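Asks: Before anything else, here's the structure in question.
No value in this document is a laboratory result; all are computed from the given coordinates. Just so it is clear, the structure is predicted and the values come from calculations on it, not from any experiment. Neighbour counts are summed over all protein chains in view; Cβ atoms, including those assigned to glycine, are modelled from backbone coordinates with ideal geometry.
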Amino acid sequence: MKKHILTLLFLGLLSQSNPSFACDSCNFFEYSLLENKSYFGLFYRFRDFQDYKNIAPATTTTIQSYPSQLSTQLMPWVDNEIMHEPEGNNLYVQKTKQDFETYQTIEARGNVTLNYKWNLTFLLPYEFNKVYYEKYLDLPNPVSDTTLYVQGWGDLTTAVEYIHLIYNTKSRHTFRPGLALTAPTGQAQIQSNNENKDLFDPIIQPGKGAFSFIPRINYQWFLEDHGINAGISYQWSTEGKQSYQFGNSLNAYLLYFHQFALGESILLAPNVGIYHESAQMDRYSGEKQELTGGQVDFAQLGLDINLAQTTLSLIYQSPINQNLNGNQILNQHRINIGLIRNFKL
C-alpha cells in the first residue's frame with residue numbers, strides 16, 4: 001500500500017505544469033548505488049539545445065538581446081522584449097534554425113556512508129559550454145555567425161543525508177532525507193576575447209557565483225530483484241555575479257529497475273522512468289527575465305553494469321513535454337555516463 005501511495009503522489013506531482021518555471025539551470029545530478037555504500041565516481045554529462053517554438057521569417061528586423069536595456073539605448077527600433085541568451089553584453093542575436101547550445105560536464109563525486117545512517121557527499125564539476133548563433137550583430141560590425149565557448153570549474157556542492165531503513169520479510173524501504181549546499185567556488189566571471197573584454201552572460205559561465213540551498217528526499221523500495229527509485233529536491237539560489245539570480249529549481253524523478261545476473265560476476269540493472277525539471281524565472285538586477293522559465297519532462301532509460309565493486313552507469317533522457325516561457329531554445333537530449341568504485345571504510 002505504501003508503494004502505491006508514493007507512486008500516485010509522484011505521478012500527480014510530475015503531471016503539474018506551472019508557466020512561471022524555467023529550465024535554464026538545473027539541480028545537481030542525482031546518483032546513488034542500489035545499496036548504501038561509500039563510493040567514488042567520475043561522471044560525464046551532456047545536454048544539448050536546438051530549435052525554437054517559433055522562428056521569425058528571414059526578412060524580419062527583430063533582434064532579441066540581453067540585457068534589454070542595451071536594445072533600447074543602442075537599437076531603439078528593435079522589439080523591446082527582455083531576453084536571456086548566453087552572450088556578451090554588446091552582442092545582439094536573431095534566432096535561426098541553425099542555433100544550438102551544448103553543455104558538457106566532467107564531475108568528480110565522492111560519497112561516504114557512516115554506520116549505515118549518514119551519507120556525506122561532494123560534487124566538483126568542470127564545465128565545457130558551447131553556444132552557436134548563425135546571426136548576430138556585434139555593433140558596429142555586420143551580421144555574421146559566431147561560436148561562444150567557455151570552460152572552467154563549476155561550483156562545489158556538499159550534501160548530507162540521513163538513512164532510514166525499514167525491513168520486513170518481503171521487501172526493504174530506504175528513506176534518505178537530506179540537505180545540500182552549493183558554494184560560489186567556480187569560475188563565474190570569464191571574459192570574452194573581443195576588444196571590450198565583456199563578461200560572458202551568467203548562463204554560460206561555469207559557476208554561478210552564488211550560494212544555493214537544496215533540501216531533498218530520496219526513496220527506494222526493493223523486493224528481491226526489482227524495485228522503485230524516487231526523489232524530489234528544491235533549490236534556492238542567492239544573487240550571484242553580474243547582479244544575476246538564477247530561478248529556484250525543482251527536480252523530481254520516478255524510476256523502475258530490475259536486476260539480472262549475467263554469469264557469476266556481472267549484474268545488470270536496467271531502469272526506466274520519468275524525470276521532471278523546472279525553475280522559476282531568473283532575475284537581472286531584481287527584474288524578472290521574461291524569456292526564462294518553464295518546465296520540462298523527460299523519459300529516461302538507464303543501465304547499471306556491476307562487476308564486483310565497480311559500476312558503469314549509463315543514462316539517456318529525451319524530452320516528452322516542454323512548457324517554456326516565450327520563444328526559448330528547446331531541450332533535445334541528455335546523456336549521463338558514470339564510472340563508480342564502491343568501498344568500505
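Asks: How large is ³J(HN,Hα), in whole Hz, for each residue of region 155-163 in order, when computed from phi with the Karplus curve 6.51 cos²θ - 1.76 cosθ + 1.60 and θ = phi - 60°, using x for Gly and Pro?
Replies: 7, 6, 10, 10, 8, 9, 10, 9, 9
Asks: Evaluate the distance, in nm, between pseudo-label points positioned 7 Å from the Cα of His333 and of Asn193 along their respective Cα→Cβ axes.
Replies: 2.8 nm
Asks: Taking the alpha-carbon centroid of each part, what is the distance from region 271-285 to region 142-190 in angstrom?
Replies: After rounding, the separation between the Cα centres reads 13 Å.
Asks: How do 270-278, 246-254, 155-163 rank on mean C-beta neighbours within 10 Å, highest first? Walk me through the intermediate numbers first.
Replies: Numbers: 270-278: 19.9, 246-254: 21.8, 155-163: 18.3.
Ranking, from highest mean packing down: 246-254, 270-278, 155-163.
Asks: Now for a separate question. Want the number for Ala299 to Leu156: 0.36 nm per residue separation, take away the alpha-carbon distance, what's left? Spell out each step's value before the answer.
Replies: Details: separation 143, 0.36 × 143 = 51.48 nm, distance 2.81 nm.
Net length gain for the segment: 48.7 nm.
Asks: Measuring from label point to label point, each 7 Å out along Cα→Cβ, what is the Arg341 to Tyr256 span in nm?
Replies: Using points 7 Å along Cα→Cβ, the separation is 3.6 nm.
Asks: Taking 0.36 nm per intervening residue step and subtracting the Cα-Cα distance, what contour gain separates Ile320 from Leu307 on full extension? It would help to have the intermediate numbers written out before the result.
Replies: Details: separation 13, 0.36 × 13 = 4.68 nm, distance 3.29 nm.
The Ile320-Leu307 span can extend by a further 1.4 nm.
Asks: Taking the Cα-to-Cβ direction at Asn115 and at Asp51 and moving 7 Å from each Cα, how far apart do the two end points lie in nm?
Replies: Here the answer is 5.4 nm between the modelled labels.
Asks: If you don't mind, another one. Using per-residue counts of other Cβ atoms within 10 Å, averaged over each peptide, order 296-303, 164-171 from highest down. Could the numbers behind the result be given before it?
Replies: Working: 296-303: 17.5, 164-171: 9.6.
For the peptides 296-303, 164-171, the packing ranking is 296-303, 164-171.
Asks: Taking the Cβ of Ile266 as the centre, find all other residues whose Cβ is under 15 Å away and add up their charges (Lys, Arg: +1; Asp, Glu: -1). Show your work: numbers first, answer last.
Replies: On the way: positive: none; negative: Asp225, Glu264, Asp304.
Net charge in that neighbourhood comes out at -3.
Asks: Fully extended, how many nm does the chain gain between Phe213 and Asp225 (0.36 nm per residue separation, minus their Cα-Cα distance)?
Replies: 0.8 nm
Asks: Amide H of Ser32 versus every other amide H placed in the peptide plane: which residues, excluding those fewer than 5 positions away on the same chain, fall under 5 Å?
Replies: Correct list: empty.
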